[in-house]
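Rule-based calculations on the coordinates, nothing more; no lab input. Since the model is a prediction, treat every value here as computed from it, not as a measurement. Using ideal geometry, Cβ is built from the backbone for each residue, glycine included, and neighbour counts are taken over all protein chains shown.
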Amino acid sequence: MACFRKLNVLNLQQMVILPVGGGIMKRISEWWKKICGVMKTQSFFVILFVCIAALAVTAIYVTTYNRNRVSQKPLSDLYSLEGSMKKDENKADTNKADRTNEDDQKAQEDAGKTTAQETSANAQPSTQTPDSQKTKSPSGIEPVMAQKKDVQAKATAWKKPVDGVPGNGFSTDKLVYSKTLDQWTTHNGMDIKSAFGDDVAAVTDGTIKKVYTDGKMGVTVDLDTGSGVTARYSNLDNSLEVEQGQSVKAGDVIGKIGNTALFEISDGDHLHFEVLNNGKYVNPAQYVKY
């Protein structure tokens, strides 16, 4: 019985182990075939990966090597660079000191000139009034209020060219709106509103310099008042009382209010009055008051 049992156990182990061992080997063989197949089909990607890895390693090495070379720059170069920087700083300080000395010298010269001017001003008697001294600005430009006072001071004994009320004023620096032209433009004279046909008189003694019809301002008379000053009357009626070369006295009738100024025909009945000093337009308010 014992021998029979041993034989049965051996046979049973052979029957179990052999099939199990054979299945494992078969699976290993199948896995190996799959691995070989994958290696064959994926060989290109494996080679590409290896190349990329090699390039990365090479780049890292080259960068590290160059960095080490830069960090190992000779000390002599560093010393020369530091020396050049110090030279530039010294040069800048020298230039700054020179400029400071020049500014000081200029300030001293200006102070000396100012002192001399003040001394000469104190030595001469002042002819200015307290008001004019208060309104005078350091820049030499008088304030608006001072300019108005100056305009009134320049006013002469001229008579009014016509009885009426002021309209558009003198404006060469700023644009004014023109109803007739429907645009913004300059105005070289002053408009005096009056009735159509009213008499227009000579503002002062003088000579009729010119009588003509202007394409913009209509029938016009230029009165030479002397000293290079001309009084110009425009927008007159065609029926004039004077002719070129005639001498007139202040108050003599020159003509009448008309409507011949094409550029101001929408502004109503008025006299367009201008004053020229040596050919340059000036504000008529300096000579006549309304």
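What tally of residues in region 220-260 results from selecting those that are crowded, with 21+ Cβ neighbours inside 10 Å, farther than 20 Å from Asn283 by Cα and under 44 Å from the mean Cα position of the chain (by Cα)? Adding up the residues that qualify gives 0. Of Asp214, Asp163, all but one fail to be touching a Ser or Thr at 6+ places or on another chain (Cβ under 6 Å) and more than 15 Å from Asp252 (Cβ to Cβ); the exception is Asp214. Sub-7 Å Cβ pairs linking a first residue in region 256-284 that is charged (D, E, K, R) to a second residue that is surrounded by 20 or more Cβ atoms within 10 Å (Cβ to Cβ) and assigned to a loop (DSSP other than H, G, I, E, B), at least 6 apart or interchain, are Asp269/Ser194; Glu274/Gly189, ordered by first then second residue.
Can you name every residue in region 166-210 that is in a strand (DSSP E or B), in contact (Cβ under 8 Å) with a residue 24 or more places away in the chain, surrounded by fewer than 19 Cβ atoms within 10 Å (Cβ to Cβ) and not charged (D, E, K, R)? Explain how you work it out, then say what you get.
So in region 166-210, the residues in a strand (DSSP E or B) come out as 166, 171-178, 183-187, 190-193, 199-201, 206-210.
Subset that is in contact (Cβ under 8 Å) with a residue 24 or more places away in the chain: 166, 172, 178, 190-193, 199-201, 206-210.
Now restrict to residues that are surrounded by fewer than 19 Cβ atoms within 10 Å (Cβ to Cβ): 166, 172, 178, 193, 199, 207, 209-210.
Answer for region 166-210, where residues must be in a strand (DSSP E or B), in contact (Cβ under 8 Å) with a residue 24 or more places away in the chain, surrounded by fewer than 19 Cβ atoms within 10 Å (Cβ to Cβ) and not charged (D, E, K, R): Pro166, Thr172, Ser178, Thr207.
Residue pairs whose Cβ atoms lie under 6 Å apart, sitting 6 or more positions apart in sequence or on different chains, and linking a residue in region 233-254 that is more than 21 Å from Lys193 (Cα to Cα) to a partner that is β-branched (Val, Ile, Thr), are Val242/Ile208; Val242/Ile254; Gln244/Ile208; Gln244/Val211; Gln246/Ile208; Ser247/Thr207.
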